[in-house]
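Chemist: For reference, the structure I am asking about is given below.
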Amino acid sequence: MAGHGAGGPRGGYARGFLTEEEKRNRPRVTKELLGRIFDYLAPYWKQLLGVLALIILSSYFSLLPSILTGRMIDEGILGRDLSMLIWLIVMSLAVTLLSNLIGVGQSYLNSWVAQHITFDMRNQMYRHLQAMSQRFFTNNNQGDIITRMTSDIDGVQRVVANTFTSILSNGITLIVAMIAMCRKNILLAVLGMVIVPLFSLPTRKAGKTRWSLTRESQECNDQINGILNETLSVSGQMLVKLFVKEDEEYSRYEKLNEKMIRLNIRESMAGRWFFAVIGTFASIGPLLLYLVGGILIIRYHADLTVGDITVMVALLGRMYGPVNSLLNIQVEWIRSMALFTRIFEYFDMPVEIKNAPDAIVPKTVSGKVEFDHVCFGYEPERQILKGVSFSLEEGKSIAIVGPSGSGKSTIISLIPRLYDVDDGEVRFGGIDVRRLDLGYLRRNVGLVTQETYLFNGTIRENLLYANPDATPGQMVEACRKANIYDFIMQQEKGFDSLVGNRGLKLSGGEKQRISIARVLLKDPALLIFDEATSALDSISEQAIQDAIDPLVRERTSILIAHRLSTIMAADEILVVKDGQIAERGRHQDLVDAGGIYTELYETQFRLPKEESQQ
Ligand code: ATP
């Protein structure tokens, strides 16, 4: 993710330049965008006013000692007035201390506001993302979503905490310094104002050279990280080993590593040159002031004192920093606006699946399911389900079979509204799912998907996710029904055994059975089971089968089945082909009909011998 997010390239000076990508994607700054940003700041207007007041005070006080140096020289040293000199020195010290103290207060208030604004934004974003549909998560890269949640929002915090305040404090410092210089001598003040930006420009040029090297080395670094992430992960490393790619990967890594070293050396040398340039140019400014000020005093007997020139030089020194930062304003501004634009883009993505305003929560729960001429496609131009109709009565079960890709998983995903139909209606308990309360619907539909997801934690934590109030007795019962209880008891720590990252410590079959137990704890009115297509060993398969078959008989259930015994346990079989229900009926009738089911039966369903002879 090179150069993504607000972070940009390393180093403060580098933030002063836009990347090619940033130049291409300049955000459009509209009134609406500014208004939305303002909406986030508005609740904190009092604190922001406080920040502004503190910035003004601390910038002013930080310049006072420079202004006082003139009086120290003229009135104290040259005027031979020791008490005045001491008084001015004490004043300078006190003012410096005060300015620093105010600075501390300002930083606190500033970071308080920035943190609170991002706190609001982060919570709002998380809520919004949670409400996004399955379509959003399948279409968007997980990395992008996380970047938006983390780096982009951190970027906003930086913008509020640093960019805005640095523009303010630099602007104020500059204005105060200019006014103070003008009051001493207009000519020297004008000279100073011309000198500073003039000498800041070469510094920028030098910075740019170093910046492009930094970017190159950062890209190289990203590539190296990419290789490390890919090849040193569990599955990546397995792939490398199995395809014997160790040497190839090593030489890829070594090449990049070598490139990185060369870039780093060039970068550090460019750095030396860079600082040499800054040092030289920064010293030319004061020398010019001494020269012109000296000529004015010596040749023209101008109304100017040594102290005045010293003040001017001191103030000039204080102007370089602010001018440099202000030269970067445009870049900072564009970056900040791009950041906000990216975040708002996410906020603007419509929440596809939401509760109807008058959502219904039925008093009695029924697991009855009806599909009424349902049409659906993930993308508008490609229809996956083409008029699917069927109904499942309370207490009955349906097995859905069909070739891979025919739309079986799609059908069931419409029941808990992971997606909404394009046309037709899906009813649960006799009511269109879009009119039902989403919480009610999803609480009453239990779905065990092909890919079981377990959180990194203990078996108990994973089970309780479905129902935090489940009693130990209920847990044991659910696990018994899911045929996983004995396995859990064999573990050293029983229910408190860790499942590992994503359940990696468990076999596919064990994970499936735990997820069946998890869904049973939810005690749903409708149980949907998407049988894994991947082959499990026969013992695991038998264990799952023993868990499912009785469940199917006692609950309203839909099964996407690949094994004959599950199919036979169901009251009705639907054969899906190409997004349509091609055949329906009971096993023997379908076999006798000699259609697609017969074909599937002969080619796909894995039949243990005794079963086929039943
Ligand atoms: P299998 O038995 O292999 O699981 P299936 O019958 O369950 O297959 P579905 O998963 O419903 O099939 O997929 C039906 C079609 O929809 C496939 O062509 C698939 O490529 C497509 N599809 C599935 N999920 C998505 C998605 N999130 N976005 C776009 N297309 C999808």
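The values are calculated or read from the model by the stated rules, or taken from the named source; none is laboratory data. It should be emphasised that the depicted structure is a prediction, and the values quoted were computed from it without experimental measurement. Neighbour counts run over all protein chains shown; Cβ positions are idealised from the backbone, glycine included. Ligands, DNA and RNA are stripped out before the accessible areas are found, and what is left, the full protein with its side chains, is counted by its heavy atoms. Shrake-Rupley method; radii C 1.70, N 1.55, O 1.52, S 1.80 Å.
Chemist: With respect to residue 102, determine if the residue is open to solvent by 60 Å² or more (accessible area, probe 1.4 Å), assigned to a helix (DSSP H, G or I) and of a type in the set (Val, Ile, Thr). Outline the logic, then answer.
Modeler: Numbers: open to solvent by 60 Å² or more (accessible area, probe 1.4 Å): no; assigned to a helix (DSSP H, G or I): yes; of a type in the set (Val, Ile, Thr): yes.
It is false that residue 102 is open to solvent by 60 Å² or more (accessible area, probe 1.4 Å), assigned to a helix (DSSP H, G or I) and of a type in the set (Val, Ile, Thr).
Chemist: Checking the condition in contact (Cβ under 8 Å) with a residue 40 or more places away in the chain, assigned by TED's automatic domain parsing to the domain that holds residue 338 and part of a helix (DSSP H, G or I), which residue from 149, 125, 91, 84 passes?
Modeler: 125
Chemist: I need the full set of residues from segment 585-604 which are surrounded by 15 or more Cβ atoms within 10 Å (Cβ to Cβ) and within 16 Å of the ligand (Cβ to nearest atom), in order please.
Modeler: 596, 597, 600, 601, 604
Chemist: Let me ask something else. From the list 391, 404, 409, which residue is open to solvent by 50 Å² or more (accessible area, probe 1.4 Å) and assigned to a loop (DSSP other than H, G, I, E, B)?
Modeler: On the way: 391 fails: assigned to a loop (DSSP other than H, G, I, E, B); 409 fails: assigned to a loop (DSSP other than H, G, I, E, B).
Exactly one of 391, 404, 409 is open to solvent by 50 Å² or more (accessible area, probe 1.4 Å) and assigned to a loop (DSSP other than H, G, I, E, B), namely 404.
Chemist: Can you tell me which residue in segment 371-382 is surrounded by the fewest Cβ atoms within 10 Å (Cβ to Cβ), limited to those that are part of a strand (DSSP E or B) and more than 8 Å from the ligand (Cβ to nearest atom)?
Modeler: 373
Chemist: Here's a follow-up. Looking at segment 292-303 only, could you name the residues that are open to solvent by 100 Å² or more (accessible area, probe 1.4 Å) and assigned to a helix (DSSP H, G or I)?
Modeler: 298
Each row is one residue, and each column tells you yes or no for (1) away from the ligand (no atom under 16 Å from the Cβ); (2) in contact with a helix residue (DSSP H, G or I) (Cβ under 6 Å, 6 or more places away or on another chain).
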site	(1), (2)
402	no, yes
412	no, no
419	no, yes
430	yes, no
442	yes, no
445	yes, no
456	yes, yes
479	yes, yes
482	yes, yes
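Chemist: Same structure again: Taking segment 558-594 only, how many residues are under 18 Å from residue 531 (Cβ atoms) and of a type in the set (Gly, Ala, Ser)?
Modeler: So the count comes out to 4.
Chemist: Here's a follow-up. Please pick out the residue among 385, 447, 463 that is touching a strand residue (DSSP E or B) at 6+ places or on another chain (Cβ under 8 Å) and crowded, with 21+ Cβ neighbours inside 10 Å. Full working, then the answer.
Modeler: Details: 447 fails: crowded, with 21+ Cβ neighbours inside 10 Å; 463 fails: touching a strand residue (DSSP E or B) at 6+ places or on another chain (Cβ under 8 Å).
Only one candidate qualifies: 385.
Chemist: Continuing with the same structure: Determine whether segment 349-369 contains at least one residue that is part of a strand (DSSP E or B), open to solvent by less than 20 Å² (accessible area, probe 1.4 Å) and either in the same structural domain as residue 578 (by TED's automatic domain parsing) or not aromatic (Phe, Trp, Tyr) (or both).
Modeler: yes
Chemist: Taking segment 326-376, which residues are under 30 Å from residue 558 (Cα atoms) and among the acidic types (Asp, Glu)?
Modeler: Result: 352, 358, 370, 372.
Chemist: If the requirement is being open to solvent by less than 50 Å² (accessible area, probe 1.4 Å) and either among the basic types (Lys, Arg) or farther than 21 Å from residue 319 by Cα (or both), which of these qualifies: 89, 73, 67?
Modeler: 73
Chemist: Go through (1) at pLDDT 85 or above; (2) within 16 Å of the ligand (Cβ to nearest atom); (3) touching a Ser or Thr at 6+ places or on another chain (Cβ under 9 Å) one by one and return the number of the condition residue 571 breaks.
Modeler: So the condition that residue 571 fails would be (2).
Chemist: Residue check, residue 273 against (1) of a type outside the set (Lys, Arg); (2) open to solvent by 100 Å² or more (accessible area, probe 1.4 Å); (3) in a loop (DSSP other than H, G, I, E, B), all met but one. Which one?
Modeler: It is condition (3) that residue 273 fails.
Chemist: Exactly one condition in (1) modelled with pLDDT of 90 or more; (2) in the same structural domain as residue 386 (by TED's automatic domain parsing) is not met by residue 601; state its number.
Modeler: With (1) modelled with pLDDT of 90 or more; (2) in the same structural domain as residue 386 (by TED's automatic domain parsing) applied to residue 601, the lone miss is (1).
Chemist: Another question about this same structure. I'd like to verify a number: residues in segment 119-148 that are under 14 Å from residue 347 (Cα atoms), polar (S, T, N, Q) and away from the ligand (no atom under 16 Å from the Cβ), how many?
Modeler: 3
Chemist: Only one of 251, 283 is farther than 30 Å from residue 30 by Cα, exposed (fewer than 14 other Cβ atoms within 10 Å of the Cβ), of a type in the set (Gly, Ala, Ser) and not assigned by TED's automatic domain parsing to the domain that holds residue 40; which?
Modeler: 251
Matching residues to (1) closer than 20 Å to residue 394 by Cα; (2) of a type outside the set (Asp, Glu); (3) outside the structural domain of residue 411 (by TED's automatic domain parsing); (4) open to solvent by 90 Å² or more (accessible area, probe 1.4 Å):
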residue: 425; (1), (2), (3), (4): yes, no, no, no
residue: 428; (1), (2), (3), (4): yes, yes, no, no
residue: 432; (1), (2), (3), (4): yes, no, no, no
residue: 459; (1), (2), (3), (4): no, yes, yes, no
residue: 471; (1), (2), (3), (4): no, yes, yes, no
residue: 476; (1), (2), (3), (4): no, yes, yes, no
residue: 483; (1), (2), (3), (4): no, yes, yes, no
residue: 491; (1), (2), (3), (4): no, yes, yes, no
residue: 500; (1), (2), (3), (4): no, yes, yes, no
